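Here the structure is laid out as structure tokens; the discussion comes afterwards.
The values are calculated or read from the model by the stated rules, or taken from the named source; none is laboratory data. Since we're looking at a predicted model, the values are computed, not measured. Cβ: placed from backbone, ideal geometry, glycine included. Neighbour counts: every protein chain shown. Accessible surface is based on the protein model in full, side chains and every heavy atom, while ligands, DNA and RNA are left aside. Shrake-Rupley method; radii C 1.70, N 1.55, O 1.52, S 1.80 Å.
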Amino acid sequence: MTPAQISQQTEALCRRAPVIPVLVIEDATLAAPLAAALIAGGLPVLEVTLRTPAALEVIAAMATVPGGIVGAGTVLTPADVAAAKAAGARFAVSPGATDRLLDACEGADLPLLPGAATATEAMALLERGYTVQKFFPASAIGGAPALKAIGAPLPQIRFCPTGGIGHDTVRDYLSLPNVLCVGGSWVAPKKLVENAEWNAITNLARQAASL
Ligand SMILES: O=C(O)C(=O)C[C@H](O)[C@H](O)COP(=O)(O)O
């Protein structure tokens, strides 16, 4: 897959809903009901971070839930790309980008949302053909005003800001013309997931989906 084809696919994913839930899940038995709760609330695109030992099992379980599109987050290496794809991930998300990671995703036909935090990083990805990027860690590097400023000279790049976004700031990002959607963990709080409060999670998803 070329970077242009990848960007086309990630743009389509980002246009499915205003929010991509970022999920850090320790217990794979919670995966399928959690995915179903989020999808029922109107958030079909789900990012499962490869930060827990259960992550690949979680991706495999969520991939069986109808109506969802499950990807892997925290994808750092070619080995992560292979493992995520084998588990059933349909896209990958990374906090930054390296040539080895980009080569691996292009070679494996796995659409990647690569991270950028500065104009130089965004330009390097753009030079390679990536017009859809993750802006990370969004709130810590200046939030919506920073993304607006970076976007002014780079209007051809579309972003999914992620990192520290919540109810209070999500609208600031979504109102920017260069933002397709945002990523965040606030729609699936740890406590609600661990207590299997699926209706509460569906309600949070519904609120996010209507933004
Ligand atoms: O795992 C990755 O690939 C990342 O880049 C990090 C995540 O995007 C953040 O952890 C989002 O989490 P919150 O800040 O809690 O919304």
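Tabulated results
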quantity	calculated
The stretch 106-122 residues that are touching a residue at least 24 places away in the same chain (Cβ under 8 Å), paired with ones that are open to solvent by 30 Å² or more (accessible area, probe 1.4 Å) and polar (S, T, N, Q) (beta carbon under 6 Å, 6 or more apart)	P111/Q9
Condition broken by Q156, with the remaining ones in (1) out of contact with any strand residue (DSSP E or B) (no Cβ under 9 Å at 6 or more places or on another chain); (2) over 17 Å from K134 (Cβ atoms) satisfied	(2)
Total residues in the stretch 53-77, condition over 19 Å from S185 (Cβ atoms) and touching a Lys or Arg at 6+ places or on another chain (Cβ under 8 Å)	2
Out of G164, G129, sole residue that is open to solvent by 20 Å² or more (accessible area, probe 1.4 Å) and within 14 Å of the ligand (Cβ to nearest atom)	G164
Of all residues making up the stretch 52-74, the number that are under 14 Å from A92 (Cβ atoms) and open to solvent by 40 Å² or more (accessible area, probe 1.4 Å)	2
Residues of the stretch 138-169 that turn out to be on the phi > 0 side of the Ramachandran plot and aromatic (F, W, Y), as a count	0
Within the stretch 132-150, considering residues that are more than 19 Å from I20 (Cβ to Cβ) and of a type outside the set (V, I, T), the one most open to solvent (accessible area, probe 1.4 Å)	K148
Any strands (runs of 3 or more DSSP E) falling wholly within the stretch 1-113 and containing at least 1 residues that are more than 12 Å from the ligand (Cβ to nearest atom)	45-49, 69-73
Residues of the stretch 1-27 satisfying the condition of being open to solvent by 30 Å² or more (accessible area, probe 1.4 Å) and over 18 Å from G107 (Cβ atoms)	E11, A12, R15, R16, V24, E26, D27
Answer residue from the stretch 167-202, given it is open to solvent by 40 Å² or more (accessible area, probe 1.4 Å), away from the ligand (no atom under 15 Å from the Cβ) and outside any loop (DSSP other than H, G, I, E, B) and is farthest from I25 (Cα to Cα) among those	R171
Some residue of the stretch 118-129 being touching a Gly at 6+ places or on another chain (Cβ under 8 Å), assigned to a helix (DSSP H, G or I) and more than 11 Å from I6 (Cβ to Cβ)	yes
Residue match in the stretch 138-148 (condition: over 30 Å from A31 (Cβ atoms), free of Cβ contacts under 8 Å to residues at least 60 places away in the same chain and away from the ligand (no atom under 16 Å from the Cβ))	yes
A140, sole failed condition from (1) assigned to a helix (DSSP H, G or I); (2) over 26 Å from G41 (Cα atoms); (3) not basic (K, R)	(1)
Candidate set from the stretch 19-40 (those that are small (G, A, S) and in contact (Cβ under 8 Å) with a residue 60 or more places away in the chain); member that is farthest from D172 (Cα to Cα)	A36
